[in-house]
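Read-outs: derived from the displayed coordinates by stated rules, not from any lab. Note that the structure is predicted; figures quoted are calculated from it, not measured. We place every Cβ from the backbone using ideal geometry, glycine too, and count neighbours over all the protein chains shown.
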Amino acid sequence: MSIAGLDPVIPGTSDTYSATKKVLGKEDFLKMLVTQLQNQDPLNPLDATEFTAQLAQFSSLEQLSNINKNLEYLQMYQASLNNSQAMGFIGKTVLATGDSVVVEEGVSDGINFYLGGDAGSVFVNIYGPAGNFIRTINMGAMGSGNHKTEWDGADSDGNQVPDGKYSFKVLATDEAGNDLDVSTFSFGKVTGVTFKDGSAYVLAGNQEIPLGSIIKVVEAEE
């Protein structure tokens, strides 16, 4: 007798398995197995080999259920570790990959980037929350290494932009006009931690930085 051929209605009751239930739990499997044994033909009992196979299926189902529970516990434990780690960043300065700049009360964060070589020209393009172009800042020639520039929070026409989160892109070429490698990042002292959708973010300046984007942590005075 095959498990797949069982009637989903349990004799003696009016309850049925919901059509919307797509996963057969180990309790459901065991209930069906017991019902099958109770209603087998005494003159034609369940074949021992087939019964053993069904017990093996139940054992596998129970093991999978236990694995899922263990994975859930592991995820909760990992989230707890991340939250504890985030709290340890308070008071320190972090360096994180990113291309965002926040304007708050008309004042913007600094724009940080790294040039992979000496540049003959450097331009910083700033974009709005919807990806719309806001302004280009001409930085001129710059040497290789880390750089930081300030944005006054104004657009190309000199109008102050609304408070919010903006993005930037740095374009740099050498004296021969060849493109240079550029990395953009956020840099600031962590003053707090916030939690969103089960993930932790550190607060540095006006920015919320996810833990996964942090590439360096130093003491604040450094």
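Here are a few things to note about the model shown:
- Part-to-part distance (alpha-carbon centres) for the range 92-125 and the range 134-201, which is given in Å: 3
- Close amide H contacts of residue 151 (hydrogens built in the peptide plane, cut-off under 5 Å, sequence separation of 5 or more or a different chain): 111.
- Per residue, the convex hull around the alpha carbon atoms of the range 92-219 comes to 115 Å³.
- Length available on full extension from residue 107 to residue 64: 0.36 nm per residue minus the Cα-Cα distance, which gives 10.1 nm.
- If you take all other residues with their beta carbon under 14 Å from the beta carbon of residue 141, and give Lys and Arg +1 and Asp and Glu -1, the sum is -3.
- Counted residue by residue at 0.36 nm each, then reduced by the alpha carbon distance between them, the extension gain from residue 171 to residue 72 reaches 31.2 nm.
- Counted residue by residue at 0.36 nm each, then reduced by the alpha carbon distance between them, the extension gain from residue 218 to residue 159 reaches 17.6 nm.
- Summarising the label geometry, the points placed 7 Å from Cα in the beta-carbon direction at residue 118 and residue 148 lie 2.6 nm from one another.
- Near residue 104: Cβ cut-off under 11 Å, other residues only, Lys/Arg at +1 and Asp/Glu at -1. The net charge is -2.
- Measuring against 29 Å, Cα to Cα, the residue pairs 69/196; 69/216; 169/196; 31/196; 69/189 contain 69/216; 31/196; 69/189 as the ones spanning a longer distance.
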